[in-house]
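Since the structure comes first, as structure tokens, the remarks are kept for the end.
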């Protein structure tokens, strides 16, 4: 275990909702700050706690994932950690050199060349002249901008700007690193490169990482802080649990039909084999059979269609598709009705929330006739907390030589 | 391992002296940054223009020419000046311009760099240094113009010109301190930044900038009450070979400036996080 590099102790911050009041309070804060008068810590009219009573510690080699919905107070907390604004209560103590990847390319002037802007930005994020000069070649090489380094930055593409910004920031050798969602831009190759660089820093740095992207969080964080309305909703080492709580707030049973040719009507979709419910969402155990029942009424033709059923994870990313029915499948329409169920044995999806999209096609054509998203959501439970979408059954065998 | 320790806590738990020390250290640490930013701004400013540095003196020239024309054409009658009127006006308007620039210096610098203030933690004192460097750059160009005028009108300064630099420096520090003290208010409320140019314009006519102090009348009384009169008059005297008229004024100026600028540094440092909060 490394030493504690970030220690946040009961930090709170209040903001005023009204601009005029905020300005007046600001003025009075400046005044009492100067004369050293003790301020009243309670809320004044129209104020609210943007961040309330947050405490945590991060050691060298650890990464705290900071998550929460928009307006939960992440950015405010980040600004406090970065020393941009001071907390109204509590304290933040940091040890060592602090690096912040909050905004890339701060202080770039569009008219100046990439070369000149490297000097500007590097100076702003705390390099001295000597450091910049020794690292200059590395920066240009990392950004892959050798050919364009003497071109004005205003002619750069946004991806190029981000690359240059990150390349400069990546040369920091901080003890404490604060990362905001800056890495979401650029092409895949560059994102991977950024991650590699962060991975390199991680073992000897205490990191606070803010992101809305749970895959990224689960990849790097070993501690998680979930904020809700400025307060700690979850703080702990079970990253998966924190992420689950975060996702649970988004559980959404609204399905959207976005194509309907009027040929059929979906009457009912239901998950069978369900023993419990969580907030009206059916819960099944990992390894159970997944059985989905469909009831469809045909209004025009009675031609048997093709069903394409997709499973999405909580980020609406498709993780699987069921084999479609064939002409040989045991499906028949009776009295304009089709009742059937789909069976998938021993589901191996890892724990979490999933939803199902249904598309209906005419056989032998690519013309969809009906499409509905999020027709059904369900939760898979398992003791083990894994991030990848599948927890695959496996046995291990020794091979004797 | 001995690691640097940073503590961020409620802004009012420091002593005056601690803040002052931190502020001075901030200046020291951020000099390279300020220099770099100044280079950035100056380069960018002139790279986008054909006439380049000419723009630093152009407004000055136009303004002076107007007054020179008004006087020479007999449109206005001004009290006779000790030095040729064109030189008098040019030096006067230049010095007056300096006062305005100095008062606005901190606010302007902070405003122009809002985007980095709200995102990056750096020593904010860099912004004052940045303003000063840019100011001195422009000043050098203007002083070049004044020297040309002095040579043209064959004005020979006396040995007392040696006082010009320290007294000018004192005035600059004084007005920058005033501007820095006003900055928190003028950043929160734009009333101040609207008021300053109007006040300066009005004050200019109550100061011997484009005309000398009349020998009698109401205006003479007003001008003598106006402390700016002594600053402008003496600085101009030094440049044009005359003596300081008000040594006592300058002596007290040293003390007032020392106190004001100390307070300004503390105000600046204490108010910056609070202002950052309202900028973002």
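The values are calculated or read from the model by the stated rules, or taken from the named source; none is laboratory data. Computed from a predicted structure; not experimentally measured. All Cβ positions, even for glycine, are placed from backbone atoms using ideal geometry, and neighbour counts span all protein chains on display.
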Quiz item: What do you reckon, is residue A:66 touching a residue at least 60 places away in the same chain (Cβ under 8 Å), over 30 Å from residue A:245 (Cα atoms), more than 8 Å from chain B (Cβ to nearest Cβ) and touching a helix residue (DSSP H, G or I) at 6+ places or on another chain (Cβ under 7 Å)?
Solution: no
Quiz item: residue B:121: closer than 21 Å to residue B:272 by Cα and within 14 Å of chain A (Cβ to nearest Cβ), yes or no?
Solution: yes
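This table checks each residue for (1) within 23 Å of residue A:317 (Cα to Cα); (2) in contact with a helix residue (DSSP H, G or I) (Cβ under 6 Å, 6 or more places away or on another chain); (3) assigned to a loop (DSSP other than H, G, I, E, B).
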residue: A:332; (1), (2), (3): no, no, yes
residue: A:339; (1), (2), (3): no, no, no
residue: A:342; (1), (2), (3): yes, no, no
residue: A:366; (1), (2), (3): yes, no, yes
Exercise. Being more than 7 Å from chain B (Cβ to nearest Cβ) and crowded, with 19+ Cβ neighbours inside 10 Å is the filter; apply it to the stretch A:101-111 and report the residue that is farthest from the chain's Cα centre (by Cα).
Key: A:108
Quiz item: Is it fair to say residue B:3 is over 21 Å from the mean Cα position of the chain (by Cα), within 11 Å of chain A (Cβ to nearest Cβ) and assigned to a loop (DSSP other than H, G, I, E, B)?
Solution: yes
Self-check item: When residues of the stretch B:238-280 are limited to those that are more than 10 Å from chain A (Cβ to nearest Cβ) and part of a loop (DSSP other than H, G, I, E, B), the one nearest to residue B:185 (Cα to Cα)
Solution: B:246
Exercise. Would you be able to tell me the number of residues in the stretch B:178-211 that are within 23 Å of residue B:256 (Cβ to Cβ) and within 14 Å of chain A (Cβ to nearest Cβ)?
Key: 8
Quiz item: When you go through A:333, A:372, A:310 one by one, which is the residue that is over 23 Å from residue A:275 (Cβ atoms), surrounded by fewer than 17 Cβ atoms within 10 Å (Cβ to Cβ) and in the same structural domain as residue A:265 (by TED's automatic domain parsing)?
Solution: A:310
Practice problem: Looking at (1) more than 7 Å from every other protein chain (Cβ to nearest Cβ); (2) touching a strand residue (DSSP E or B) at 6+ places or on another chain (Cβ under 9 Å); (3) modelled with pLDDT under 90, find the lone condition where residue A:89 falls short. | Solution: (1)
Exercise. Considering every residue within the stretch B:59-79, establish whether at least one is part of a loop (DSSP other than H, G, I, E, B), away from chain A (no Cβ under 14 Å) and either in contact with a strand residue (DSSP E or B) (Cβ under 8 Å, 6 or more places away or on another chain) or surrounded by 16 or more Cβ atoms within 10 Å (Cβ to Cβ) (or both).
Key: yes
Self-check item: Residue, farthest from the other protein chains (Cβ to nearest Cβ), within the stretch A:7-30, restricted to residues that are part of a helix (DSSP H, G or I) and surrounded by fewer than 16 Cβ atoms within 10 Å (Cβ to Cβ)
Solution: A:21
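Listed here are the residues, each with its yes/no results for (1) surrounded by 20 or more Cβ atoms within 10 Å (Cβ to Cβ); (2) within 24 Å of residue A:83 (Cβ to Cβ).
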| residue | (1), (2) |
| --- | --- |
| A:113 | no, no |
| A:124 | yes, yes |
| A:131 | no, yes |
| A:137 | no, no |
| A:147 | no, no |
| A:156 | yes, no |
Self-check item: Residue match in the stretch B:35-49 (condition: farther than 30 Å from residue A:27 by Cβ and surrounded by fewer than 13 Cβ atoms within 10 Å (Cβ to Cβ))
Solution: yes
Quiz item: Where in the stretch A:181-273 are the helices (runs of 4 or more DSSP H), entirely inside, with at least 1 residues that are more than 19 Å from the chain's Cα centre (by Cα) and surrounded by 16 or more Cβ atoms within 10 Å (Cβ to Cβ)?
Solution: A:188-201
Quiz item: What about residue B:158, is it within 30 Å of residue B:113 (Cβ to Cβ) and surrounded by 12 or more Cβ atoms within 10 Å (Cβ to Cβ)?
Solution: no
